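The values are calculated or read from the model by the stated rules, or taken from the named source; none is laboratory data. In this text, all values refer to a predicted model and were calculated from it rather than measured experimentally. Cβ sites come from the backbone with ideal geometry, for glycine too, and all protein chains shown count toward neighbours. All accessible areas refer to the heavy atoms of the entire protein, side chains included, with ligands and DNA or RNA removed. Shrake-Rupley method; radii C 1.70, N 1.55, O 1.52, S 1.80 Å.
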Amino acid sequence: MTSDEVRAAFLSFFEEKGHKIIPSSSLIPQNDPTLLLTSAGMVQFKPYFLGEALPPNPRLASCQKCFRTTDIESVGDPSHLTFFEMLGNFSIGDYFKEEAINWAWEFVTRRLGLQPQRLWVTIFLDDDESFRIWRKIGIPEHRILRFGEQDNFWGPAGNSGPCGPCSEIHYDFGEEVGCRRASCAPGCNCGRFSEIWNLVFTQYNQDKDGHRTLLPRPNIDTGMGLERTTAVVNGKISVYETDLFTPLLECISELVGKKYGSDDDTDNAMRIIAEHSRGIAFLIADGVIPGNEGRGYVLRRLLRRTALFGRRLGLEKPFLAETAKSVIEQMGHIYPEIVQREDFILRVIEGEEARFSDTLSTGLELIESIMAERAGEISGEDAFRLYDTYGFPVELTREIAAGRGLSVDLEGFEKEMGKQKERARAVRKFEVKESVKLGGRLNIQKTPFVGYHSLKHKTNILSILVDNEPVEMIQEGQEASLILESTPFYGEMGGQVGDTGEIRSQISKFSVTDTIRVPPDIIVHQGYVTKGSLTVGDEAEAEVDRERRLDIARNHTATHLLQFALRQVLGEHVQQRGSLVAPDRLRFDFSHPITVTNEQRREIQHIVNDKVRQNLAVYSVEMPYQKAIEEGAIALFGEKYGDIVRVLKIDEPAISAELCGGTHIASTGEIGFFQIISESSIGTGLRRIVAVTGRGAEAFIDKRLSDLQETAEYLDTELDSVLDKVGSLVIQLDWERKQKLILERGLAKLRAESLLGQAEVVNGVTVLVAKVPSSRLEILREMSDLIRDKLKSVVVVLGTVYENKPIFLATVTSDLVGRGYNAGEIVKQVAKVTGGGGGGKPRLAQAGGKYKDKLDEALRLVKSLI
């Protein structure tokens, strides 16, 4: 049977048993942003098992794309994979062990035709019910093995929740395979037995203390690996001998120029490349972009590990796009998304592989020298240098080191990573705002925020802080921080800056210059007293700067429209990676592997402004977190959310729904106009858009038009003719530059010929050292070439001042290089006199310096060097 036939047989079998067939979900879990990747078939059904949503049918079946990183270093053996397809049948409170076990047996023996005598079963220690069912089917008692919780019990996700025992079906390849011991049985890692199906019986609920009680309606969750099962059905020990991998291995064999099956080390490398190529293609298709954390780091590690094994096979040039094409061609009929996103997949792979290729050779040379010098362990500092400078994931360094019997100081590596993060924080120069846990000191846990609907609010002063210490009173001119009983001021959070405004009592005024949040959830108003004095307990009126708040709200709603437009134009892989919402501008960081084209940028801006003109309703609703995610609301990966969340929606039905606690306008028309100012890269796979709206957009456009008008006046032309006028000036300037270069070259030839008489013999070597009028390096090189060609055997060192900096060029003819003279060494020493440096090859080198007044002194050094 082919893999397609096994997949189809499974799904049709369970469809006959009343199961609804559900398509595979994405490798990025759509209903759980805290989960890294989809690692099992039940992930998309988790809300049904937890009773948070109603299933479309109590009986479900699927073939799910899965990815697990736990086995990455075992890839290449007959059975371990990172990317795989999981066949599964599920019961949501419907059938239980009797049906699950009987149907599993029916499918493997009748539909797949596996010999019953080759099948063994494992069960949980005290699961007598499963034991009776298996015995009733006809499995001999000696082929039913009991194991403990580590092997045959599926615990809850976290420290509490649904859990239960499981039963596994293992296939026996026979006594001639593996360790050949008489005692060999499932659980032995020799390779004789292959686990093909795991039946999980979710029958208990475990509380936080570890106590288990029976669920009123138990569930079934099973998983059968398609790759292993296809191998077993075809009598193959290795998954790489199935039709899921043989076309890929043939593709790799052609690239490498070696036949698979001729050498163990070569075969292992080919298997790793084949396995990883599948995962790479599917991860990118589902929206994962190479990065330095989370899912992006998993993909980057996979890509770079594959590139390394390719290099070991002699593949010096990029090759992963070719293996990805093979994956797409082979599996596109089952998963059409990889065909639809083929161009995107290939662009991401080519970009990442090119980046790593630049540093791979240098990094490999460095790790070789490190391993040659170190005894037993690579230091954390060295591992970090390989990661930070050469892009080697620490897991890759550990794997290379292990092959030579060395370990890696992972603790030291983590310390270096921590230091880097501290340096990054220092570079950003973020002001450290009162991070003291004030709640415990002041007995305040939370400041109620009333600013969604009101910008002016009567309240009381709960606390006053000066230099982070509580005081009872502050007076005019004094800087302080106020904590109110409740406030309309928004404290900085989620990328949105804090409000400014004024807090007034009957006789006093306090100017709020910033509003921040400190743990646990206290809003702190920072500023100074402009009139009178304020005392703890005073009644006060807090009023937010209305115009500034509206500017911020316009920009915040615009970021939501921007994310909508980005996903429309660039693809669903776009995910927010950071933002700044200020009154004068918005900044939005997002995942995307390549530059946004001018055409795409215009289309994104058009979509946003089109939605602005439609004046769509903007509104928020509060709902349970899980319900919001199920309805498609966007949540930030890794962000912690409460049980009840605020969802900001645009239009009905919503074109945009995001978990957001920020302040917004009531309708998109209030944005006025949206203008992108810039689009740029902020790191591998990360882009940044800066834009303005409302008053900011008006000011930006007014300034640009004003600049254009001034430019037209400088050029003595009409506004509409500026582009044509500039174009003609550029053409004219280009012609003038070419004429200047022709003249410079002619003059350089004359100068070079005039210098020939200055050559002198030093230590048996002809040397020509000269200071020449200001010239570009290109002209120096032409002069040096002419002198070399005329004098045949010579050391030439020329110096000049160009753009107010000294530059040098050195040439040594081949015969003198053979005698030990080196242009790179000479020019390096010369440039050092002027506070600079440089180098190059023995025959030709260049350098630059800082101090032009030391040029003559530097050139005088040449003769002594010779």
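Just a few scattered comments:
- Tally, over the range 578-596, of residues that are under 25 Å from the mean Cα position of the chain (by Cα) and either open to solvent by 40 Å² or more (accessible area, probe 1.4 Å) or under 30 Å from Q44 (Cα atoms) (or both): 11
- The residue that is modelled with the lowest pLDDT, among those in the range 20-42 that are crowded, with 20+ Cβ neighbours inside 10 Å and closer than 23 Å to Y204 by Cβ, is M42.
- Taken over the range 247-263, the criterion of being open to solvent by 50 Å² or more (accessible area, probe 1.4 Å), within 15 Å of K325 (Cα to Cα) and without any contact (Cβ under 8 Å) to a residue 40 or more places away in the chain is satisfied by E250, E254.
- Hits in the range 222-242 (condition: over 32 Å from the mean Cα position of the chain (by Cα), over 24 Å from W105 (Cβ atoms) and touching a residue at least 60 places away in the same chain (Cβ under 8 Å)): S238
- Index of the failed condition, V6 passing every other in (1) touching a residue at least 60 places away in the same chain (Cβ under 8 Å); (2) part of a loop (DSSP other than H, G, I, E, B); (3) crowded, with 21+ Cβ neighbours inside 10 Å: (2)
- The set of residues from the range 57-82 being open to solvent by 10 Å² or more (accessible area, probe 1.4 Å) and part of a strand (DSSP E or B) comprises R59, C63, D77.
- Answer residue from the range 498-513, given it is under 22 Å from H664 (Cα atoms) and open to solvent by 30 Å² or more (accessible area, probe 1.4 Å) and is farthest from the chain's Cα centre (by Cα) among those: E502
- For G93, the test of being open to solvent by 20 Å² or more (accessible area, probe 1.4 Å) and under 30 Å from K627 (Cβ atoms) is failed.
- Filter pass, A100 being open to solvent by less than 10 Å² (accessible area, probe 1.4 Å) and either modelled with pLDDT under 90 or more than 20 Å from V233 (Cβ to Cβ) (or both): yes
- At least 3 residues being buried (at least 17 other Cβ atoms within 10 Å of the Cβ) and of a type in the set (V, I, T) is the threshold, and among the helices (runs of 4 or more DSSP H) wholly inside the range 779-866 those reaching it are 823-832.
- Residue that is surrounded by the fewest Cβ atoms within 10 Å (Cβ to Cβ), among those in the range 676-703 that are more than 30 Å from P593 (Cβ to Cβ) and basic (K, R): K703
- Selection status of N219, without any contact (Cβ under 8 Å) to a residue 40 or more places away in the chain, open to solvent by less than 50 Å² (accessible area, probe 1.4 Å) and in contact with a strand residue (DSSP E or B) (Cβ under 9 Å, 6 or more places away or on another chain): no
- Of the residues in the range 237-247, none is in contact with a Gly (Cβ under 8 Å, 6 or more places away or on another chain) and either more than 25 Å from S39 (Cα to Cα) or modelled with pLDDT of 95 or more (or both).
- The set of residues from the range 209-227 being farther than 23 Å from Y48 by Cβ and modelled with pLDDT under 95 comprises D209, G210, H211.
Results for (1) crowded, with 21+ Cβ neighbours inside 10 Å; (2) among the hydroxyl-bearing types (S, T, Y); (3) in contact with a helix residue (DSSP H, G or I) (Cβ under 9 Å, 6 or more places away or on another chain); (4) not in a loop (DSSP other than H, G, I, E, B), shown as yes or no for each residue.
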| position | (1), (2), (3), (4) |
| --- | --- |
| M1 | no, no, yes, no |
| F14 | yes, no, yes, yes |
| G51 | no, no, no, no |
| P55 | no, no, yes, no |
| F84 | yes, no, yes, yes |
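- Residues in the range 693-729 that are part of a helix (DSSP H, G or I), touching a strand residue (DSSP E or B) at 6+ places or on another chain (Cβ under 6 Å) and either more than 21 Å from L550 (Cβ to Cβ) or not aromatic (F, W, Y) (or both): A697 alone.
- Of the strands (runs of 3 or more DSSP E) entirely within the range 461-576, those holding at least 3 residues that are touching a Ser or Thr at 6+ places or on another chain (Cβ under 7 Å) occupy 473-475, 509-518, 522-531, 539-544.
- Residue match in the range 597-607 (condition: in contact with a strand residue (DSSP E or B) (Cβ under 6 Å, 6 or more places away or on another chain), crowded, with 19+ Cβ neighbours inside 10 Å and among the aliphatic types (A, V, I, L, M)): no
- Annotation note: of K863, K852, the sole residue that is closer than 15 Å to V765 by Cα and in contact (Cβ under 8 Å) with a residue 40 or more places away in the chain is K863.
- Of all residues in the range 119-165 being polar (S, T, N, Q) and either open to solvent by 50 Å² or more (accessible area, probe 1.4 Å) or in a helix (DSSP H, G or I) (or both), the one that is farthest from P218 (Cα to Cα): Q150
- Of the helices (runs of 4 or more DSSP H) lying entirely inside the range 265-379, those containing at least 3 residues that are farther than 30 Å from F413 by Cα and either open to solvent by 40 Å² or more (accessible area, probe 1.4 Å) or at pLDDT below 95 (or both) span 320-331, 337-340, 342-373.
- Residues being among the aromatic types (F, W, Y) and assigned to a loop (DSSP other than H, G, I, E, B) - total across the range 228-257: 1
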